[in-house]
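Below you'll find the structure, written out as structure tokens, and then a few comments.
The values are calculated or read from the model by the stated rules, or taken from the named source; none is laboratory data. Keep in mind it's a predicted model, so treat the numbers as computed, not measured. Glycine gets a Cβ as well: all are built from the backbone with ideal geometry, and neighbour counts include every protein chain shown. Just the protein is used for accessible areas: all its heavy atoms, side chains included, with ligands, DNA and RNA removed. Shrake-Rupley method; radii C 1.70, N 1.55, O 1.52, S 1.80 Å.
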Amino acid sequence: MSRFASMLKHIKRDRQLLILFIPCIIFYILFRYGPLYGLIIAFKDYSVYEGIMKSDWVGLKHFQRFFDSPDFWLLFKNTFLLGVFTMLWAFPFPIMFALLLNESRFIRFKKMVQTFSYLPAFLSVVIVTSMIVDFLSPTNGVVNQVLKAMGFNGVYFLAAPEWFRTIFISTEIWQHMGYEAIIYLAAVASIDPTLYEAAKVDGAKRFQMMRYITIPSIMPTILILFIIKSGSIFRIGYEKVLLLYNPMTYEVADVFSTYVYRKGLLETNYSYAAAVGFFEAIVALIMLLISNTVSRRAGGKGLW
């Protein structure tokens, strides 16, 4: 059977699943691949009145301007540190949480904890940041009320640069830990039960079974998610940062995405903002390639 005939056979067999997949394809074409056309304004002096094609080409002018800007290294440092710290702290928590849930013998308790843990993932960024602002309010916030009751002075957390990264990373853990743990729990559920039975016969304890069976069995899943997360170190979304930061915390909170927002939408400097965003995407791609290469050499698993 030829390759084309084999492909048609598979399409006919999976036609219902492919039909369900059509909205996803349309979404990516319209909102992911279609807008890539607009990247060429990074190499032009874009004018709204002239349009994309009629605007003058300027080559790497905007990239050079960004690299020479005093903001470049500050943005690079802030984005890198915030991304790396989020990776170091937020990535292991879902794994540990899934392992602890898997060890629970009380099914109802396990389901209840799992349900409450992934509920924050369904809250919008606006709701989450509003809760943070209310909890950390210097006047009537819960955290400051507790501090004052214990005899400490109140702290204006959101205006203190030294607290911004802690607040951001803590909320990332709280919001995504339960939701991401579902992936690891699914990987744990696929482990052959006979491995645990054989380990029990050999006298292995629960911690030993977790160490020598559970963790090695879900390691391919961990590596794949690690690669995906590594590629997003420089792709920090602007929404939460934008809603939490202020001029007093710019020195540690201003990242590429918020800079693009200010330069592009607020100052209408579209070409310069596009150049900054394009540079951010290139760095993220390089990080993805590096992490995939390291993962393949270390564990034999990668995205490709």
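Each residue in segment 115-159 was checked for being surrounded by 11 or more Cβ atoms within 10 Å (Cβ to Cβ) and among the polar types (S, T, N, Q), and 6 pass. Residues in segment 49-84 that are without any contact (Cβ under 8 Å) to a residue 40 or more places away in the chain, outside any helix (DSSP H, G or I) and not small (Gly, Ala, Ser): Tyr49, Glu50, Ile52, Met53, Lys54, Asp56, Trp57, Leu60, Pro70.
Would you check if Glu280 is in contact with a Pro (Cβ under 9 Å, 6 or more places away or on another chain), surrounded by fewer than 22 Cβ atoms within 10 Å (Cβ to Cβ) and either in a helix (DSSP H, G or I) or at pLDDT 90 or above (or both)? No: the conditions fail for Glu280.
State all residues of segment 1-42 that are in contact with a strand residue (DSSP E or B) (Cβ under 7 Å, 6 or more places away or on another chain) and free of Cβ contacts under 8 Å to residues at least 60 places away in the same chain; if no residue qualifies, say none. Matches in segment 1-42: Ile40 only.
Within the option set Thr268, Thr258, Thr194, being at pLDDT 90 or above, open to solvent by 60 Å² or more (accessible area, probe 1.4 Å) and not aromatic (Phe, Trp, Tyr) holds for one residue only, Thr194. Scanning segment 148-179 for residues that are modelled with pLDDT of 90 or more, of a type in the set (D, E, K, R) and either over 18 Å from the mean Cα position of the chain (by Cα) or under 30 Å from Met112 (Cβ atoms) (or both) returns Glu162, Glu172.
Close contacts from segment 278-298, counting a first residue that is under 18 Å from Phe67 (Cα atoms) and a second that is open to solvent by less than 40 Å² (accessible area, probe 1.4 Å) and among the hydrophobic types (A, V, I, L, M, F, W, C), with Cβ to Cβ under 7 Å and a gap of 6+ residues or different chains, come to Phe278/Ala42; Phe279/Phe63; Phe279/Phe66; Glu280/Phe234; Glu280/Phe256; Val283/Phe234; Ala284/Phe234. Only residues that are within 20 Å of Lys263 (Cβ to Cβ) and surrounded by 10 or more Cβ atoms within 10 Å (Cβ to Cβ) were counted in segment 27-55, giving 13.
Of the helices (runs of 4 or more DSSP H) entirely within segment 122-239, those holding at least 1 residues that are aromatic (Phe, Trp, Tyr) occupy 125-135, 161-189, 193-201, 206-209, 215-231. Scanning segment 1-26 for residues that are over 35 Å from the mean Cα position of the chain (by Cα) and loosely packed, with under 10 Cβ neighbours inside 10 Å yields Met1, Ser2, Arg3, Phe4, Ala5, Lys12. Selection over segment 56-84 of residues that are surrounded by fewer than 16 Cβ atoms within 10 Å (Cβ to Cβ) and among the hydroxyl-bearing types (Ser, Thr, Tyr) gives a count of 1.
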